[in-house]
Amino acid sequence: MLFFRAARREFAQTTVAVLIALFAILLVTQLIRLLGQAAGGKIDSEAVLALLGFNVLNLLPVVLTLALFVGVLLTLGRVWRDSEMTIWLASGLSLAAWVRPTLFFAAPFIGVIALSSLLVTPWALEKRAEYLKRMEARSDVARVSPGAFKESSHGDRVFFVESLGGFEEGKATRVANVFVSQTQQGRISIIAAAEGRVESQPNGERFLVLLHGRRYDAMPGEAEHRLVSFARYAFRIEEEKADAPEQSVRAQPTAALLQTPTAAARGELVWRFGLPLAATVLVVMAIPISFVNPRAGRTHNLLLALVIFVAYSNSLSLSQAWVAQERIAFFPGLLGVHLVMAVLMALFFGQRIVVFSWGRWWRR
């Protein structure tokens, strides 16, 4: 029908607009959180963009579910406000007739949600763990950032360089105005040099060679100290191997979880399979709760929808935790929450149908 095609087009426009707004909010909040961690030294500044991408992919199915729910709700709310729904019902058509075109529009979004929940999210979490592990295993020189104090991987040295230069294969080979503070066997050594460079030996070992500087050695609590001027001073750069990160249940592929007979794996499956099911139930539930009284406020149904979404999401998380703790079995945990919400959806439909049936009887 022409009317349904126009409705699906409006569904798409509203859902895309809501999705863009939610993604903008998500990007800003995640970026602020990551920049705060980078400023506090918890993560490297160069890792902010990569971690931002992994975090967005992790939250993608939840954001898509909320955008789809709100998009359908706002579109049907506009239909109620403009009295188009009143004409629809007065023509003898039921409110349930909207279920088919709504699900037809939502099917591609639900497919993307299922794909993201089952494949994209665990992949993003796995790559995020690998990336953080590689960042931790970098050499001390690779950790250095110009104009900032950086601690070595073992915590026994602090580096500061004013500038970097001589890049080869993306790595700096020369530094200028170097400051190094290190602690060895209780003795504190402070080294300052005008410049330095990275040299590689035939056996593969790499050294940071400082040129034209001074070294100050002192023992805490003692007045004696030693001052040495040098023309050349070399540090061995310790290269750490990046071990395979410990893979959490959330980062494991769905196929691996299906073959893992543990409670934690079953709990994670409850969440992954639950998201597309929740999206389906919420889209259909948006039809009856989209009712707007033109004489009343226009945000009541939106507030109700947000409360339902939060309650649904928290109930799904609670069901996941109970399955992981073996408090309930897998299938009751997987289907219980959705069945309860489906009953609530049926009650909303019944309320709207009874109200309009009673209204028509009263007018007669």
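Nothing in this text is a laboratory measurement; each read-out follows from the coordinates by a stated rule. Since we're looking at a predicted model, the values are computed, not measured. Using ideal geometry, Cβ is built from the backbone for each residue, glycine included, and neighbour counts are taken over all protein chains shown.
Residue separation of ALA194 and ARG226 scaled by 0.36 nm, minus their Cα-Cα distance, works out to 9.6 nm of gained length. For a Förster distance of 25 Å, can you work out the FRET efficiency between the beta-carbons of VAL158 and LEU27, rounded to the nearest 0.05? Here the calculated transfer efficiency is 0.15.
Using a simple spin-label model with pseudo-atoms 7 Å out from Cα toward Cβ, THR262 and VAL56 lie 3.2 nm apart. Residues ASP44, ASP217 in ascending order of nearby Cβ atoms (within 10 Å, fewest first): ASP217, ASP44. Using R₀ = 41 Å, calculate the FRET efficiency as 1/(1 + (r/R₀)^6) where r is the Cβ-Cβ separation of GLU46 and ALA96; round to 0.05. After rounding, the FRET efficiency stands at 0.15. Using Cβ point charges alone (K and R +1, D and E -1), the dipole size of the stretch 1-74 about the Cα centre works out to roughly 280 debye. The length gained by stretching the chain between LEU304 and TYR216 to full extension, at 0.36 nm per residue less their Cα-Cα distance, is 24.9 nm. Label positions at VAL16 and LEU115, each projected 7 Å from the Cα along the C-beta direction, are separated by 1.7 nm.
Taking label points 7 Å from Cα along the Cα-to-Cβ direction, ASN177 and SER317 give a separation of 4.8 nm. Subtracting the Cα-Cα distance of ARG81 and ARG250 from 0.36 nm times their residue separation leaves 56.5 nm of extension gain.
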